[in-house]
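Reviewing the structure listed below.
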Amino acid sequence: MSSPQKSDISYRPDIDGLRALAVLSTIAFHCYPKIFTNGYVSVDVFFVISGFLITSIILTQLVNKEFSLINFYARRVKRILPPSLLVLGAITLTGILTLFTNEFYSLKSYIGPAAGFYINFKLIKDTSYFAFESNFKPLLHFWSLAVEEQFYVFWPMYFTLVYKFARKRFTDLSNTLLVLAGATAVVLIPSLIYLLISAQDLYFSSFGRVWELMMGGMAAIVYYWIKNSPETHRQYLKYSNALSVTGFAFLSVSLFCERTFTIIFGVIGGFFLVVSSENSFGKSFLKSKVMVYLGLISFSTYLWHWPILSFYHMYAVVISPVEMAFLIALIYILSALTYHLVEKPLKDKNWDPYVFGGKFNYKKLIPITACLLVSVFFLTANFKKLPDKQTSELIYREDTDVPLNSKCALTATNGNNDFLQKWCYSQNTMNPEQGLIIGDSQAHVLYRSMVTVSEKVSWHLVSSEGCSPFLLPTMTEECKRLVTESFANIEKFPEIRHVVFMTANQIYNHNRQAFDDPAIQSQIKTTLARLNAQNRTVYIVRPYPEFLYNISSCSRQRFSFYKAFDTSKYCRMDKSSWLHASDPYNSFLDKLKTELPFIKLIDSTNIMCDQSECVVSKNGKTLYQDTSHLSYEGNLRLSESILKSM
């Protein structure tokens, strides 16, 4: 195939229809994840479409000798940045007005990474896409934009270099396309292998996702070759329906697969659909006016849908069908407004005469200037949200409110013990009688309240998230070292008369096999007996109820458009259900108490529950700061119970 004549990039309405289908699947998954369990495959289809379109643009312009990296990046900025920053500014403003202080600071930590399109790296460390708490991260969906932007940085340069290298060596365009396909595979195959061996780390990973974009790039190369090879194109038209059917079949199968195969089949389905002719099977539906329009506004729809659902989840424990219909309507109204007032005006090349040519028109600058000014204000301002009364008194208390020593007193006799220092706190002023709280993050939040109410006993804390206070072989090496060094140092402090063990019920469940091991039980009993022999009182706090829903929703003023749906039931729990769920751990503690009667068990369940149910709040006081941690108020009640037992 010789070099074709200069050609334009033809518009594919079926691609916009496919975009619409993908964003509808995304919304369905986020609205009803238990029904549309694999709806997240739509993101993979989006990646294929993006790779296809971007590569088609670059390849066509390279062949026409019109490609410019500066123009390419300028167009990407013009296309993506204004609506993204507009939504980012709206999310920030909504957070300022509606979130509790600790929630706002959590949101604020994601704003910079979202604006800089590297939020996926932060999310890899912070959360799982499928975790319950992800519902309360309004910027979670920016991860896919970050992956695309990172792809846009390296792909044009890499593709251009390979193209120019090939054109210098081959006069026939077919050979050049073959080299480009090989260069694409060089990046695609390692990324696909990474998917297969590291699926658990995949979701937010750029390297684990780049193969999907590359599949779109490969589709663009194949499609360009077909369109510019008359004989191949004639054969292609005969089999285009088969390609389309294959694409729809793979997409359909992907909805019922295990996660890794869902992604693979979804990408393969997207590949066949973008390669198949716009007039092939099923494309008349994708080319319908409604689907094309929904595809045109799909970028804005994707930007708006998740923050709207996420913020509403913070207020509504469960969203009723009527409320969900209202939210979906709001999503599409905002999407249409953003498309017509921001995106569409910026598609006009006349808006910037210096880069794109044409007559300068100040009206064209209004949308981009407005959204940039608003967004930059919220993104760059060193804004500190004032603590609201409900947060500071009922929900959350900053660690800075508690007098902590800059150095852990337990390490004072051990010279340079930097490891324990990271996880240990002590009060500034120590009384002759002292105590130690050791455990996981529940122990940490208890310490803040214990220090406040305890007058005669001064307290130390050794805690780390997810670490049992009992030495278990299933723990991480860091947790094992933490527990080992803590008990080694305790022996040097005879003034520590009280040792409080505390860990969540879920920690027991995750390590149940180890707890059931007779050798481990013997080791735990030996440790507790040794503490008792040293004239120290041992306290073990029984697990307190852990809720399944967003606790802050129960603390906010409730509202509902359809009052027939009583969501207050999700802010309480049947006591018998919790006792059943925590029975294995409580039975383990009861067995310890029988064999070691000196242990004092602190019953936290009766503090948080009445005779029949456990609740998030009592007498206007919120007892929880999240699903598995008590608030300052809740821990005050638990602290008082521990002190009474002394």
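For this structure, a couple of remarks:
- Summarising the amide proton neighbourhood of Cys467: residues at separation of 5 or more, or on other chains, whose placed amide H is nearer than 5 Å comprise Ser441.
- Built amide H within the under 5 Å cut-off of Thr537, gap 5+: His498, Val499
- What the pair-distance distribution of region 19-162 shows, using all Cα-Cα distances binned every 10 Å from zero, is 10, 33, 34, 17, 5, 0 percent.
- Region 123-193, Rg to Rh (Cα coordinates; Rh as Kirkwood inverse mean 1/r): 1.21
- Structure note, pairs Lys591/Lys644; Lys65/Lys283; Lys492/Lys591; Lys227/Lys344; Lys137/Lys283: Cα-Cα distances above 25 angstrom occur for Lys65/Lys283; Lys492/Lys591; Lys227/Lys344; Lys137/Lys283.
- Residue-count net charge about Tyr508 - beta-carbon cut-off 14 Å; Lys, Arg +1, Asp, Glu -1: -3
- Calculated diffusion of region 52-93, Stokes-Einstein form, Kirkwood radius summed over Cα pairs, 4 °C and 1.567 mPa s, µm²/s: 110
- Neighbour cut-off at most 14 other Cβ (10 Å), DSSP loop, trypsin sites (Lys or Arg not before Pro), region 29-131: Lys34, Lys65
- Taking each residue as 0.36 nm, the span from Lys65 to Ala519 lengthens on full extension beyond its C-alpha to C-alpha distance by 156.0 nm.
- Efficiency of FRET from Cβ geometry, Ser612 and Gln534, R₀ 45 Å, rounded to 0.05: 0.60
- Contour minus Cα-Cα distance for Ile189 and Glu465 (0.36 nm per residue): 95.6 nm
- Backbone amide hydrogens, once placed in the peptide plane, bring Tyr544 within less than 5 Å of Asn505, excluding anything fewer than 5 places away on its chain.
- Semi-axes of the equivalent ellipsoid for region 202-316, computed as √(5λ) from the eigenvalues of its C-alpha gyration tensor and ordered from largest down, come to 30, 18, 14 Å.
- Evaluated over region 133-260, the Cα radius of gyration and Dmax, each in Å: 17.7, 56
- Residues Phe261 and Glu640, FRET efficiency given R0 of 60 Å [Cβ-Cβ distance, rounded to 0.05]: 0.65
- Coupling constants for region 226-242 follow from the phi torsions by the Karplus curve (6.51 cos²θ - 1.76 cosθ + 1.60, θ = phi - 60°), and in residue order they are 5, 5, 9, 10, x, 5, 4, 5, 5, 5, 4, 5, 5, 10, 4, 4, 5 Hz; glycine and proline get x.
- Table column - 3J(HN,Hα) (Hz), region 481-488, Karplus curve with 6.51, -1.76, 1.60, x for Gly and Pro: 5, 4, 5, 4, 5, 4, 5, 5
- Shape class for region 213-280, computed from the alpha carbon gyration tensor (a ≥ b ≥ c): oblate, with a/c not under 1.5 and a/b at or below b/c.
- Solvent-accessible area, 1.4 Å probe, carbon plus sulfur percent, for region 55-148: 61
- Region 485-553: C-alpha gyration tensor shape, a/c 1.5 cut-off, then a/b vs b/c: oblate
The values are calculated or read from the model by the stated rules, or taken from the named source; none is laboratory data. What you see is a predicted model; the values in this text were computed from it and never measured. Note that we place each Cβ from the backbone using ideal geometry, even for glycine, and neighbour counts take in every protein chain shown. Accessible surface is based on the protein model in full, side chains and every heavy atom, while ligands, DNA and RNA are left aside. Shrake-Rupley method; radii C 1.70, N 1.55, O 1.52, S 1.80 Å.
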